[in-house]
Amino acid sequence: MDNDFAIKAANLCKSYENRPSITKLIRAGVGRSLGLSSNGGISSQKKVSGNGFALSNLNFQVKKGEALGIIGRNGSGKSTLLQMLAGTLTPSSGQVEIQGRVGALLELGSGFNFDFTGRENVFLNGAINGLARREVIEKFDAIAAFAEIGHFIEKPVRTYSTGMMLRLAFAIQTVLEPEVLIIDEALAVGDEAFQRKCIAHILKMKVSGTTILFVSHAPNQVIELCDRVLLLNQGSLLLDSAPNLGLKYYHKLIYAETGNEQKIIDEIIAKSSTGKKNGDSEEATDESGPQNEK
């Protein structure tokens, strides 16, 4: 793998087999034994499984120290992609290469044992991330100070609010100094003051060379943190561009009138095929003012 790149994804796919529930299978079996279909008529054979793609043939690279935003509507494959990059989900096909230790803030509470105290979970996550106990001890005070949850650090995590869990999870992942930090909508949970604190710390990590992958529906955060964005739609990559251009087409897509969506998708694909990517597009530069104002 090229030393200039932290992440490379080649022909990345994730498919799920659409299987019926156990209840539906039992009902279908009873119906067949009676010679009836589900609607009471004569049974007819139906296909009960198939493949649905959560991601289809994604190809992209992320340089070391770059911040990549991933945007798209709900169900476009953003979280599936981050889970594969974090190693918690296996691709159906294709390859992912990552250089460096990965820290991930995915589902809130993931990586926590809810019966352990905050302190115990700090050491658990340190071990998961390959740190020796001595290293975690050295960093513990910094983690507790960043989280700002006071005496709750000694309480079971099941007693925490969602905001407290976010504080501890973010503190663990950032203070443990990952080389690649993956964030999936985690900042949407915290209060505004803590969000600003997190963003400032992420920017500091970025300056120090940490690679950032960031999923958010908050345009201002994407613009502030990211160097470029990937726009996903129904598991496919529509556009790899500067943040302002990507957000422009994202907004056009989500606010598209009924029947006009495919026209906008074709427009995005045509824009992508021009090869003006990674901030080189004049349009991306020209629109930075209005988009920021929005």
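The values are calculated or read from the model by the stated rules, or taken from the named source; none is laboratory data. Only a predicted model underlies this, so the values are computations on that prediction, with no experimental measurement involved. Quick reminder, even Gly has a Cβ in these numbers, built from the backbone with ideal geometry, and neighbours come from all protein chains shown. Side chains included, ligands, DNA and RNA excluded: accessible areas come from the protein's heavy atoms. Shrake-Rupley method; radii C 1.70, N 1.55, O 1.52, S 1.80 Å.
Tabulated data for the structure shown
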{"quantity": "Charge dipole magnitude, Cβ of K and R +1, D and E -1 - the range 159-199, Cα centre, debye nearest 20", "calculated": "180 debye"}
{"quantity": "Using alpha carbons only: equivalent-ellipsoid semi-axes of the range 122-239, gyration tensor based, whole Å", "calculated": "27, 17, 14"}
{"quantity": "Net charge of Cβ neighbours under 12 Å - reference Gly94; Lys, Arg +1; Asp, Glu -1", "calculated": "+1"}
{"quantity": "Net charge over other residues, Cβ less than 11 angstrom from the Cβ of Leu232 (K, R count +1; D, E count -1)", "calculated": "+1"}
{"quantity": "Computed lengthening from Ala10 to Leu124, 0.36 nm per intervening residue step minus Cα-Cα distance", "calculated": "37.8 nm"}
{"quantity": "Debye intensity ratio in log₁₀ form over the Cα atoms of the range 121-168, taken at each q of 0.21, 0.24, 0.28, 0.30 Å⁻¹", "calculated": "-0.73, -0.91, -1.11, -1.17"}
{"quantity": "Set of the range 70-113 residues, backbone N closer than 16 Å to the point 7 Å along the Cα-Cβ line of Phe53", "calculated": "76-78, 80-81, 91-95"}
{"quantity": "Exposure of Asp115 as accessible area (Å², to 10), given a probe of 1.4 Å and all protein chains", "calculated": "110 Å²"}
{"quantity": "Qualifying chymotrypsin sites (Phe, Trp or Tyr not before Pro) in the range 97-136, DSSP loop, other Cβ atoms within 10 Å at most 13", "calculated": "Phe114"}
{"quantity": "Rough spin-label spacing in nm, given labels placed 7 Å along Cα→Cβ, for Glu138 and Phe114", "calculated": "3.5 nm"}
{"quantity": "Residue order for Tyr16, Tyr255 - accessible surface, 1.4 angstrom probe, largest first", "calculated": "Tyr255, Tyr16"}
